[in-house]
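**Student:** The structure is given below, and queries will be raised subsequently.
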Amino acid sequence: MKTELTLHQRTLSLHRFPKRNNETLQAWDAGDEYLINHVEELALAHDQNVLILNDHFGALSCWFSQRHQVTMMSDSFISHQATLANLEQNHCNPITMASTFDPIPKDVDLVLMQLPKSNRHLIWLLTQLRLALPADVPVIAVNKAKEIHTSTLKLFEKYLGATTTSLAWKKHRLVFANANSPKALDVEPFTSWQVEDHDIQLDNLPNVYSGESLDLGARFMLPNLPTGLGNKRVIDLGCGNGVLSVKLAQLNPDITLTCVDESFMATHSAQRNLDKNVPNGTNAKCLTNNCLDGFEAHSADLVVCNPPFHQQQAITDHIAWQMFCDAKHVLSTGGQLLVIGNRHLGYDGKLARLFGKSNVKQVAANKKFVILQATK
Ligand SMILES: C[S@@+](CC[C@H](N)C(=O)[O-])C[C@H]1O[C@@H](n2cnc3c(N)ncnc32)[C@H](O)[C@@H]1O
């Protein structure tokens, strides 16, 4: 797997975060290269204020920090950590880090954007750019050509302004736009809905996983969550909007809850949903983190987990594996990990390897999902 990006006689050494010995996934894509090549051709004056949105692992930040003042905004804690590590590794100039829920910085000269996965997140970013940018500031976005649909360009036109695209290069395309639509549109940051059959109303910030409807796995997990936990220490690992935590706290008012997600918008939404849905409040904190990095061994009695199956654009089960390993580390002896997953993902095999076959049991199953319990 390549870790050296060489362009224009300059080489960057780039890694994903967390850095893994047997990594198979590259830390940049052809979209990063396309953006870099395009901007190099523009021959910008030095010291421009460059806003980089959704840099995946820091390739763009490292590149442009050499000659410009860079602000990197991303909702992903992993992207923040990867960017900081790659900046250090390549002895780059310092940059400013922000989340995509922070205000757009002042005096931006150029915006570069890796297009986000969800249209809701894109709409949020475009509305914020439209409100903050003068019309002459170029916005250049990139994605795989097959992910840039006519509907994507319509969103640019509607929420930002005049939009054109480049030819495709290495299966990627650039989108050029300016903040000059007739009127800045108001977009509510939260999307709110009621969870059917449960006394739960969820508010979801734009980049929250399954932010427009309940995840099917979570739906199956809700009626299978444990009661009678007393004052146990519970972790919701990959909490998203916090739906599992809310239900756990409603069923078990005395538990101590820690909700963890790598999305800043997720942990913000989870905290808000706990505050709104648990009548007498909870003993809960929501933490933006990579899995359970930094958690102490034997510090939890139950970990509940509906794991992710991709990192950025890549489908992978290594984060689920990391979550299971971390859960085993933080659980007290006799503590339990409760996992939901699609049948075909084979989490039973993974948990058996970690916890021992006789310590893993199936709690519930339907055609699509299994819920597994592993005891340490
Ligand atoms: C399948 S979703 C589950 C969300 C929620 N618990 C539910 O059941 O609807 C997985 C969550 O894991 C989060 N996630 C992905 N990678 C992570 C990591 N390295 N550390 C912490 N959370 C992560 C994602 O942001 C996402 O919210």
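The values are calculated or read from the model by the stated rules, or taken from the named source; none is laboratory data. Because the structure is predicted, anything quoted here is derived from the model rather than measured. Note: ideal-geometry Cβ built from the backbone for every residue, glycine included; neighbour counts use all protein chains shown. Note: areas computed on protein heavy atoms with side chains; ligands, DNA, RNA excluded. Shrake-Rupley method; radii C 1.70, N 1.55, O 1.52, S 1.80 Å.
**Student:** Would you mind checking segment 321-349 for residues with the amide N under 15 Å from a putative spin-label position 7 Å along Cα→C-beta of LYS357?
**Tutor:** 348-349, by backbone N distance to the label point.
**Student:** For the charge dipole of the chain, defined by +1 on Lys and Arg C-beta atoms and -1 on Asp and Glu C-beta atoms about the Cα centroid, which residue among HIS8, ALA300, ILE123 has the Cα displaced farthest towards the positive pole?
**Tutor:** Toward the positive end, the furthest listed residue is ALA300.
**Student:** While we're looking at this one, here's another question. Give me the accessible area of ASP254, 1.4 Å probe, in Å² rounded to the nearest 10.
**Tutor:** Spelled out: ASP254, probe radius 1.4 Å, area about 110 Å².
**Student:** Could you report the chain's accessible area per residue, 1.4 Å probe, as an integer in Å²?
**Tutor:** Working: 16970 Å² over 376 residues.
Roughly 45 Å² per residue, with all protein chains present.
**Student:** Expressed as a fraction of 2.2 N^0.38 Å, the rule-of-thumb size for a compact globular protein of N residues, what is the C-alpha radius of gyration of the chain?
**Tutor:** 1.04
**Student:** Next up: Within the accessible area of segment 41-139, what % is carbon and sulfur when the probe is 1.4 Å and the other protein chains stay in place? If you can, show how the numbers build up before the last one.
**Tutor:** Values: 1940 of 3950 Å².
Reported share for carbon and sulfur atoms: 49 percent.
**Student:** Something else: If the rule is a partner Cβ under 4.7 Å, which cysteines in the chain fail it?
**Tutor:** Isolated Cys, the chain: CYS62, CYS92, CYS291, CYS305, CYS325.
**Student:** May I pose another question? Which sequence of ASP32, ASP317 reflects their accessible areas, 1.4 Å probe, from the largest down?
**Tutor:** Values: ASP32 0, ASP317 70 Å².
So the residues, ranked largest to smallest area, are ASP317, ASP32.
**Student:** Could you compute how fast segment 191-375 diffuses translationally, taking Rh as the Kirkwood radius over C-alpha pairs and applying Stokes-Einstein at 37 °C with viscosity 0.692 mPa s? Give it in µm² per second. Display every interim value, and only then the final one.
**Tutor:** Details: Rh = 16.2 Å.
Once the numbers are plugged in, D ends up at 202 µm²/s.
**Student:** Are there trypsin sites (Lys or Arg not before Pro) in segment 54-134 that DSSP puts in a loop and that have at most 16 other Cβ atoms within 10 Å, and which ones? Mind showing how you got there, number by number?
**Tutor:** Values: sites: ARG67, LYS106, LYS117, ARG120, ARG130; in loops: ARG67, LYS106, LYS117.
Sites meeting the loop and neighbour criteria: ARG67, LYS106, LYS117.
**Student:** Find the relative contact order for segment 4-177 and round it to a whole percent, using C-alpha pairs within less than 8 Å whose residues are 6+ positions apart. Show your work: numbers first, answer last.
**Tutor:** On the way: 306 pairs, mean separation 35.5, N = 174.
Reported as a whole number, the value is 20 percent.
**Student:** Separate question: What percent do you get for the relative contact order of the chain when only Cα pairs under 8 Å and 6+ apart count?
**Tutor:** On the way: 797 pairs, mean separation 38.2, N = 376.
Answer for the chain is 10 percent.
**Student:** Taking amide hydrogens as modeled 1.01 Å from N in the peptide plane, which residues meet the under 5 Å criterion relative to THR165, leaving out close sequence neighbours?
**Tutor:** Under 5 Å from the amide H of THR165: PHE176.
**Student:** Collect residues whose amide H, placed 1.01 Å from N in the peptide plane, falls under 5 Å from the amide H of CYS92; neighbours closer than 5 in sequence don't count.
**Tutor:** Those lying under 5 Å, H to H, from CYS92: there are none.
**Student:** Using a 1.4 Å probe and ignoring any ligands, DNA or RNA, find the accessible area of CYS92 and quote it in Å² to the nearest 10.
**Tutor:** Roll a 1.4 Å probe over it and CYS92 shows about 30 Å².
**Student:** Within the accessible area of segment 254-376, what % is carbon and sulfur when the probe is 1.4 Å and the other protein chains stay in place? Provide the component values of the computation, followed by the final result.
**Tutor:** Working: 2670 of 5570 Å².
C and S atoms contribute 48 percent here.
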